[in-house]
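The values are calculated or read from the model by the stated rules, or taken from the named source; none is laboratory data. Keep in mind that this is a model prediction, so the values were computed, not measured. Ideal geometry is used to build each Cβ from the backbone, glycine not excepted, and the neighbour counts take in all protein chains shown. The area values use the complete protein model at the heavy-atom level, side chains included, leaving out ligands, DNA and RNA. Shrake-Rupley method; radii C 1.70, N 1.55, O 1.52, S 1.80 Å.
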Amino acid sequence: DSLIVSLQSPPPTTKSMKSLVFLSLLQLMLMPALVVAQTTESKINDLQNSEAILESSAVVFADTNSYQTQARTAAVTNLSNPSDIQIINYYALACIYYATNGVANPRTEDIIPGNILPMWKNEEKEWIATSDYCTWYGITCDINLNVIAIDLHENDIYGAWPNEVVLLKNSLQLLELYNNAFLYSIDPDWLNSMGELKYLFIGITSFTHTGIPEALSGCKNLIELDCSKSFWRDGPIPASAFDNLDSLEYLDLGDNAYTNDGENAVPANLSNLSTLTNLYLDNVKFTPNPLTLDFLSQLPVLFEFWADFTEFDGGIPSSIGLVATLSSFSCTYCDLDGTIPTEIGNTSINRLWLYANKLTGTIPWQLNNSNLMYLFLEENNLGGSVPASICAQTTSSLKGLGVDCQADGSVTCTCCTCCGESCGNLEDSTVAPTAASTAAQTAAPTAAPTGGGGYCFSGDSEVEVKNKGPVKMTDLAIGDVVKVADNTF
């Protein structure tokens, strides 16, 4: 329009004509960028309105300081000619960043009110500024640029976990938030939409719900769940929470408290998990009724069960012999009584920790598994002697054997590696592994440690291999799934 000259007007000068042409060309050059920005912004508005669980775009973008507004601004600023996939993934991740990076929440206000909160510990500067979100710290994408893994464990994440993660519902397979003690979430309904999620680790976080949320059942492909020492507690473990979880193999509910009564009977609700291989109930308080161990016989492929410092009613049932796959069993300080059933020999037990209970009778010779590695039975009311067939294992696989064989002990043993307190297990449990800290659950979890750590391995060092047990480094095979420092495979 600026090039149209009225016939009644005097002809423009050459200089003014050049200026008009330049301005017109500049407008034409800027127009694509403006269109892209408007398109990105409008698509994000549509995304915000696309899921029922999300607040509407009219609400969140009216607040110029909302994390959604900050995320949208970052996307418009940093994305150049983005595809729909790039807009969805960038915006969802940017929402996580702005919602949890140095942001207060109800938990921090209760514990450390008014404090200046730290920013993310690891590589936070890589986020947002670069448009290639697949290179951001903790992010893994597939070949189509969809986010399939978010690993932000021990990263000093605060704030409240944003529901916008549901925008990744068609691709996200791993969400690792372990040991971000002040990361808060009170609305678990976003889990209803996460049908592709396979691994969910929220142990030692401030994720809050009265018991295990029923929304968990939406994660129909879930394989591993760790919600130990979180605030998913003080309520039931409903069977409905595990509906559709037909692939669940690993479950850590440790360091929490749950309801166990007629309406919400925990054993019945867990017994439908037919694929479960690893179950951890360390330091759990069940009220008003303690659990019995009868439900274990209904977990047909259970490989490992640890429940140290959790009170049980009764002892070890003879039906445990029905779980042929059971290899690792740790129930120390659990108030177990009765005898060690001979049927335990029908399992694959090679690691057994039962010290500090009220067990009576003698040590069954049926424990002479040719692969027996650890057997600790001290501080019980057992009598007799350690069977010769078990002693014979000390020349091969058996690396640790402890009973009450001290001078004033009640068990005779000529082959034990330690006796009673000398085993170092009592009071300060250090030998039997635990799936989570055995310290009592406090009013709020403590902040994540700031120091690093690691392991130094040699070829003869052993690591824990899923469904195999301890394996030397030199004997590892391609495809072996190995347990790492946070007790996950």
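Inspection of segment 173-184 identifies no residue that is acidic (Asp, Glu) and over 20 Å from Ala99 (Cβ atoms). Could you identify the single residue in Leu174, Leu168, Leu145 that is within 18 Å of Leu225 (Cα to Cα) and either at pLDDT 95 or above or more than 17 Å from the chain's Cα centre (by Cα) (or both)? Step by step, each of Leu174, Leu168, Leu145 is checked, and only Leu174 is within 18 Å of Leu225 (Cα to Cα) and either at pLDDT 95 or above or more than 17 Å from the chain's Cα centre (by Cα) (or both). Checked against the criteria, Ile186 counts as on the phi < 0 side of the Ramachandran plot, open to solvent by 10 Å² or more (accessible area, probe 1.4 Å) and in contact with a Phe, Trp or Tyr (Cβ under 9 Å, 6 or more places away or on another chain).
Residue count for segment 375-403 under the criterion of being surrounded by fewer than 22 Cβ atoms within 10 Å (Cβ to Cβ) and within 20 Å of Leu336 (Cα to Cα): the result is 3. The set of residues in segment 291-306 being touching an Asp or Glu at 6+ places or on another chain (Cβ under 8 Å) and surrounded by fewer than 17 Cβ atoms within 10 Å (Cβ to Cβ) consists of Thr292 alone.
Being within 22 Å of Ser66 (Cβ to Cβ), over 18 Å from the mean Cα position of the chain (by Cα) and crowded, with 21+ Cβ neighbours inside 10 Å holds for only one residue in Ile128, Ile157, and it is Ile128.
Of everything listed in (1) surrounded by fewer than 21 Cβ atoms within 10 Å (Cβ to Cβ); (2) not in a loop (DSSP other than H, G, I, E, B), the single unmet condition for Leu117 is (2). With a requirement of 2 or more residues that are farther than 25 Å from Asp313 by Cα, the strands (runs of 3 or more DSSP E) lying completely within segment 194-264 that satisfy it span 199-201, 205-210, 224-226. Can you pull out the residues in segment 254-275 that are surrounded by 20 or more Cβ atoms within 10 Å (Cβ to Cβ) and in contact (Cβ under 8 Å) with a residue 40 or more places away in the chain? Passing the criteria: Gly254, Asp255, Asn256, Tyr258, Thr259. Looking at segment 160-183 only, could you name the residues that are assigned to a loop (DSSP other than H, G, I, E, B), over 17 Å from Trp136 (Cα atoms) and open to solvent by less than 10 Å² (accessible area, probe 1.4 Å)? Answer for segment 160-183, where residues must be assigned to a loop (DSSP other than H, G, I, E, B), over 17 Å from Trp136 (Cα atoms) and open to solvent by less than 10 Å² (accessible area, probe 1.4 Å): just Pro162. Restricted to segment 275-314, the set of strands (runs of 3 or more DSSP E) holding at least 1 residues that are at pLDDT below 95 and not aromatic (Phe, Trp, Tyr) comprises 285-288.
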